[in-house]
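K.L.:
Quick one: the structure is below, questions incoming.
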Amino acid sequence: MRLKLWLLAVVLCAGVGGATGCAEDVGLAGVGGKCSTTQECGDGLVCFSGSCHSDTDGDGVPNIIDNCPDVANPLQEDLNNNGVGDVCEQDTTENNDNNDLENVGPGGA
């Protein structure tokens, strides 16, 4: 049922057949629309601070505060506290020693 509502909202917002409505016309808020729960927002959106925001990775954290918006990381882990989520970094050790890279001495050997 939700998919049908979403498809109807897309058709309405696109203005097909002379219609000029938007997602609010079918009970779902679009980006920036007012909400009190995520269920009031359209697909791919979450309710945050009273309005609907995009959530590209579907982890429930809106892109505007997500430390890794393209990869799901609902707990927002950031071991080295650099503002980039651990799942978006190759090395997340506390000392940033790049332990995932081979140690190579002078001369490359």
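K.L.:
For labels at N63 and Q90 in the simple 7 Å Cα→Cβ model, what's the distance in nm?
P.N.:
Taking the two extended label points, one gets 2.7 nm.
K.L.:
For D78, enumerate residues with amide H under 5 Å from its amide H, sequence gap 5+ or separate chain, H modeled in the peptide plane.
P.N.:
Amide H to amide H, under 5 Å and 5 or more residues apart or across chains, D78 pairs with D86.
K.L.:
Starting from the Cα-Cα distance between L75 and S49, subtract it from 0.36 nm times their residue separation and give me the gain in nm to one decimal. Don't skip to the answer; put the middle values down first.
P.N.:
On the way: separation 26, 0.36 × 26 = 9.36 nm, distance 1.84 nm.
Taking 0.36 nm per residue and subtracting the Cα distance, the gain is 7.5 nm.
FYI, it's all coordinate maths here, none of it is from the lab. Small disclaimer: the values here were computed from a predicted structure and weren't measured. We place every Cβ from the backbone using ideal geometry, glycine too, and count neighbours over all the protein chains shown.
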